[in-house]
Structure formats: C-alpha cells, structure tokens
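The values are calculated or read from the model by the stated rules, or taken from the named source; none is laboratory data. Quantities reported herein were computed from a predicted structural model and do not represent experimental measurements. Every residue, glycine as well, gets a Cβ built from its backbone with ideal geometry; the counts of neighbours run over all protein chains shown.
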Amino acid sequence: MQRDLVERARKGDHDAFAELAGAAISRLDSAAWLMLRDVEQAKDAVQNALVRAWRDLPTLRDPDRFDAWVHRLLVNACIDEARRTRRHRLDVELTELDTPSMPDPVSSIADRDQLERGFLRLDPELRAVIVLHHYLDLPVPAVAAILGIPLGTAKSRLHRALGLMRAALDADARVRTDLVEGRLT
Amino acid sequence: MTSNERFEQTMSSWLREDGAFRVADHLDEVLAVTSETRQRPAWSSLERWLPVDTTFRPRLFNAPRLNQVLLVAALLIALLGLLLLAVGSQRQRLPEPFGPARNGIFVMSRDGVLYAIDPTTSQRTALALGEGFDFSPTFSRDGTRFLFLRSDGPLTEPAILTMMVANADGSDLHAVTPPTESLDWFDWSPDGTRIAYVAKGQLWVADPRGGRPLMLPDAKPAHFPTWLPPDGKEIVYRLEATHPTVMAIRPDGTGRHPISVTRANNGYDFQGIGVSPDGTKVTFTRWSTAVADVDRNGWLPRVYAMDVETGKEMPFPTASGTGQVGIAYSPDGTLVAYARIHREGAFQLVVANADGSGNERTLGEKKPCKPDGSNIDATWVFTPDGTALVVRYGNDDSAATHLLPLDGSPSSILLEAGRFEFADVQRRAP
C-alpha cells in the first residue's frame with residue numbers, strides 16, 4: 001500500500017503524497033519536538049523535511065526505503081535547526097562517567113526536568129540517535145543506516161549519549177544533595 | 001535488570017510520554033508548500049547530465065544583435081564553415097585525448113534543439129538532426145564526433161532516452177543505445193571507440209558505431225563512470241552503497257578492484273568522480289559530518305585528489321568555515337577549479353594549484369546556496385585551451401552559461417538562458 005503511494009507520489013501525485021505525509025506527520029512532529037524541544041523549530045524541521053521529501057522523491061531509488069529516507073531528512077532538518085540556535089545557548093562541558101560515582105541516580109529520577117536538562121545538553125546528533133532508538137524503537141542497524149554512519153559508530157554514539165545523560169543526572173543529583181545539605185556557597 | 005537497562009527503560013518511557021500528546025496541526029501548511037513546489041526529476045539532476053570533468057564544456061559569447069538579413073547571411077556562412085570543417089577535419093591532425101588543445105566549435109542544446117556555434121563569429125546554427133528533444137551534446141576527445149541524448153516526444157518521468165552519435169557536422173546520425181530508462185552519466189573512451197554509461201545503476205559500454213551495448217554485471221550499482229587516462233584500460237566509478245567505494249573495472253567487465261582505501265564516512269562520500277589528465281589522480285567530493293577539519297560543525301563538503309596507485313588522499317587547503325565542492329582539472333593538469341562554499345549561504349568558483357599548494361583565485365560572482373552547499377546550481381569545466389572556465393549557472397529549467405577567463409578579463413554570457421541548456425567544446429590539435 002505504502003509502496004504504491006510512494007510510486008504515485010514519485011510521479012507527481014499530490015494526493016498520494018498528502019496521504020503519505022498525513023500518515024507520517026504526527027510521528028515526525030513528535031520526534032522533531034523531542035530532538036529540538038521547541039515547538040516552532042520542530043514544525044519548521046518537519047516542514048523542511050517533508051518539502052524536501054516531495055521535491056526529491058523522484059530521486060529515491062527504492063520506494064520501500066521511504067520511511068527510513070524521511071527519517072533521515074528529518075534528522076538532518078533537526079540538526080540544521082539546532083545549529084541555527086546553537087550560538088544562543090550555553091554549552092556545558094560534560095564528562096562521561098564509566099561507573100556512577102554517586103548512588104544510582106535512576107532510582108531517584110522522579111523529575112522529568114532532570115531528564116530534559118540532561119537531554120538538552122546533548123549535541124543534536126546524540127539526541128537524534130536516542131530518539132530514533134528509544135522513541136521510534138528502531139534497531140541500532142536501522143539507526144546507523146538512517147544516520148549514514150557505521151554500525152559501530154551508531155553503537156558508540158548511543159552509548160556515549162546515554163553516558164552523558166547519566167553524567168548530567170549525576171551532576172544534578174550532586175547539586176541537589178549539596179543544596180539540601182547547605183554545602184553550596 | 002541492571003542500572004543501565006533501568007535507565008534506558010526510564011529514558012524510553014520519558015520520551016514516549018513526552019512525545020505522546022503532540023498533535024501535528026500543520027499538515028495543511030506543509031501541503032500548501034509542496035503543492036507549489038516542483039519535484040526534481042530523477043533524470044534532471046545536474047550530477048547526472050553534467051559530469052563536471054568530462055561532459056560539460058564551454059560555450060561562448062553573447063550573440064550580437066544583428067538584423068534579420070545579416071543573421072540569415074551569417075547562418076549561411078556558418079553552415080558553409082561547418083561543411084568545410086567536416087571536410088577539412090579528415091585531413092587535419094587530431095588532438096591527443098588529454099592535455100591542452102585548441103578550442104574548436106561549440107555545440108549546445110537549448111529547449112531540445114542542438115546548435116553549432118562558431119567561436120570566432122558567435123554565429124549559431126541549428127543542427128538538423130530530425131525529430132526529438134535533444135540535449136547534453138558531448139564531443140569525443142578527438143573532436144570528430146559528438147553524442148547527445150534524445151527523448152522521442154516530451155520528456156516523461158522516468159525518462160526514456162536514446163544515446164545518439166553524429167559527426168561534428170551533424171552527418172552520420174545514428175543511435176548507439178536502444179531507448180533506455182534512466183540513462184545516466186556517460187563518458188567517451190580516450191580513443192573514441194567506446195562510450196561508458198549508466199542506466200538504472202548498471203554500467204554499460206556502448207560502441208559509437210552502433211550495435212548492442214555490453215553490460216558490465218560486476219559494476220552495479222554504479223555512478224560517475226569515467227575512463228582512466230591515458231589509455232582508458234579501466235573505467236573508474238563510484239560503487240553505490242551505504243558506504244560507497246571508488247572502484248575500477250576493465251571495459252570488458254573483468255578485473256574489478258577498489259581504488260579507494262579509506263572507508264567512506266557515509267553515503268555522501270566520493271561524489272562527482274573525476275580524473276587528472278595523466279590518470280594518476282581520482283578526484284571527488286566528500287560530503288560528510290566526519291570532515292571535521294573543514295568546520296567543527298561539519299556539514300560542509302570538501303574536495304580531494306586520491307592517488308590511483310596507493311589510494312592516498314590529498315585534501316585541498318581551505319579557510320576555516322568554508323567548504324569546497326566539484327573539482328575539475330585544467331587540461332594541462334596544473335590547476336583545479338572548484339566551488340568554495342561560504343557558511344553564510346553562498347558559493348564562488350575558485351581556481352587553485354593542482355598540487356595543493358594553494359594560491360586560490362576567485363572567479364565570477366558569489367551566488368546564493370544553502371549554508372551546507374548542498375544545492376549549488378552550477379557546473380564548470382576548463383576550456384580545451386585552458387584559458388577560461390565555462391560555467392553553467394542555473395538548472396535544467398533555466399540556465400545561462402558563462403565564459404570566465406582565468407586572466408581576470410570580463411566574463412561573457414554565451415547565449416540567452418534556456419531549458420536543458422548544455423554545451424560542449426570541440427577539442428582540436430594545438
């Protein structure tokens with residue numbers, strides 16, 4: 001069914017593309033929002049990805065790869081959007097921890113803000129790998145294919161992303177503890 | 001369950017909850033934009049029709065505004081000139097397949113018609129080649145024949161094209177391929193006895209005299225087939241894959257082997273393959289986030305020359321925050337031309353030393369493009385005599401071809417802009 005729609009859209013059928021876009025846009029919108037954490041930027045990224053998909057659809061050689069291809073376009077659009085605002089945010093240098101030096105922060109995660117703060121500190125590429133794997137439930141080889149990186153790189157990128165998230169949560173936990181115990185000056 | 005697994009589970013739950021209630025309310029906006037956006041035909045990509053190093057060559061001057069009488073007279077003179085050229089060329093010395101040559105006549109396509117242009121008078125003559133939408137003329141390296149692509153009737157998608165060959169004067173017109181879907185990228189062999197081309201990712205070798213083309217089954221999926229100078233014993237091409245490779249294969253389909261030794265960073269590596277005139281280097285563009293030395297943010301392309309024997313890659317110097325794309329060698333192999341990409345969203349052509357020693361000189365105006373240089377609507381190549389760069393600015397819908405002299409003298413537009421406008425210059429013996 002989808003293949004038929006893609007074939008028709010490749011030949012310029014707007015209705016077919018509208019059906020494809022309609023079926024995908026909620027998923028793309030959510031993924032873009034998760035990567036960018038900004039409603040307007042997410043909208044722009046989705047729009048850019050879908051417009052580009054329409055424009056370049058005739059160049060897609062394998063219609064069965066439409067979903068993966070659109071995900072790739074979305075990731076690229078999100079990274080572009082993120083870079084556009086990169087200069088306006090404060091980057092915090094994080095060091096990945098091999099083993100937690102504090103009690104496991106996961107057990108104490110009740111605060112979604114903590115996760116969001118940790119997530120926001122990641123580079124767009126690392127956010128993308130997390131969203132593709134942990135939100136869209138794509139296996140790591142599919143993530144690698146979408147991002148155009150070797151499987152080993154995708155694995156290490158995922159590992160690094162999660163490590164940095166944990167480091168960020170650890171740092172947050174330390175600050176909380178210090179605040180509670182009045183050690184911050 | 002380990003703490004890592006618990007953490008990943010927590011992460012997944014958080015993402016699902018956070019993304020679950022988003023309602024996409026802008027589908028109509030997206031569709032409004034796409035309804036106004038033209039699709040890019042698969043067959044009309046500049047990369048497909050304009051091999052930077054081989055098929056796209058010059059075209060000249062603005063045609064002077066003559067009145068009708070003078071124009072008719074000039075056309076007759078030009079026709080006579082072409083006839084004389086055809087007769088005379090059989091007795092003239094032919095140029096070597098590579099190296100500097102004299103500029104001969106120009107052949108160009110515009111709106112489906114082929115024209116011959118005399119560079120000394122700027123007069124153009126429509127070539128009577130029968131019915132069909134004809135475009136992308138390309139001379140053999142000795143300048144005695146040219147090939148072009150023909151669509152019988154309006155161009156459709158996917159395009160069904162036939163490769164045609166004719167003598168330089170337009171005589172002895174014949175087909176060298178059957179009508180072929182997605183015929184794409186082609187190159188004359190150095191001795192002019194074969195033409196390599198790609199159709200639907202399959203590499204073929206055609207005989208310019210006609211007959212059934214030879215399929216090279218080991219060369220698929222392939223792109224950018226280019227004969228390796230000086231003798232054309234091998235065809236270099238890009239093996240299409242998630243991680244492409246630069247490969248070489250003999251024209252009889254045997255002896256396939258890799259040339260590149262570095263693993264491609266991603267599917268965008270090894271774009272726009274070309275060769276140096278002496279056949280020792282293969283040039284290409286990397287388009288990869290892994291090219292960190294161009295820009296810390298990545299996403300800028302960069303051009304390389306790779307040693308055919310060792311696979312060692314040489315980048316060309318560039319300023320921080322700028323990229324490069326689309327490298328072409330001068331006929332004598334001492335210079336290269338590429339586009340410099342500026343992060344603010346512009347590109348400009350640059351000529352530099354081929355040995356990578358720098359000395360970049362800009363040519364022509366800055367033109368807009370995306371900040372990552374991914375949508376440059378231009379192609380360029382040196383004239384056979386190496387004194388100028390011929391640049392097509394635009395796309396298949398509308399393009400104008402400029403002649404940019406390397407000595408800095410004023411540039412000229414060769415002909416008014418048209419659809420499917422392509423040009424090539426005949427090489428003649430020095």
In the range B:313-333, anything without any contact (Cβ under 8 Å) to a residue 40 or more places away in the chain, over 20 Å from the mean Cα position of the chain (by Cα) and closer than 29 Å to B:GLY99 by Cβ is listed as B:THR318
What about B:GLY267, is it among the small types (Gly, Ala, Ser) and more than 13 Å from every other protein chain (Cβ to nearest Cβ)?
-> no
Taking only the range B:214-268 into account, find how many residues are touching a residue at least 60 places away in the same chain (Cβ under 8 Å), within 17 Å of the chain's Cα centre (by Cα) and in a loop (DSSP other than H, G, I, E, B).
-> 1
Which one of these does A:VAL6 not meet: (1) at pLDDT 90 or above; (2) at the interface with another protein chain (Cβ under 10 Å from one of its Cβ atoms)?
-> (2)
What residue, of A:ALA53, A:ALA21, A:ALA42, is small (Gly, Ala, Ser), assigned to a helix (DSSP H, G or I), closer than 15 Å to B:ARG38 by Cα and facing chain B (nearest Cβ under 9 Å)?
-> A:ALA53
Helices (runs of 4 or more DSSP H) wholly in the range B:1-67 with at least 1 residues that are at pLDDT below 80, crowded, with 19+ Cβ neighbours inside 10 Å and within 14 Å of chain A (Cβ to nearest Cβ) - which ones?
-> B:3-20, B:46-49
Mind listing whichever residues of the range B:185-217 are surrounded by 23 or more Cβ atoms within 10 Å (Cβ to Cβ) and at positive phi?
-> B:TRP185
Are there any pairs, at least 6 apart or on different chains, whose C-beta atoms fall under 7 Å, with the first in the range B:403-430 and under 17 Å from B:VAL381 (Cβ atoms) and in contact (Cβ under 8 Å) with a residue 40 or more places away in the chain and the second charged (D, E, K, R) and surrounded by fewer than 17 Cβ atoms within 10 Å (Cβ to Cβ), and if so, which?
-> B:ARG428/B:ARG102
Taking the condition at pLDDT 95 or above, among the hydroxyl-bearing types (Ser, Thr, Tyr) and either under 23 Å from B:GLU309 (Cα atoms) or within 21 Å of the chain's Cα centre (by Cα) (or both), does B:SER189 pass?
-> yes
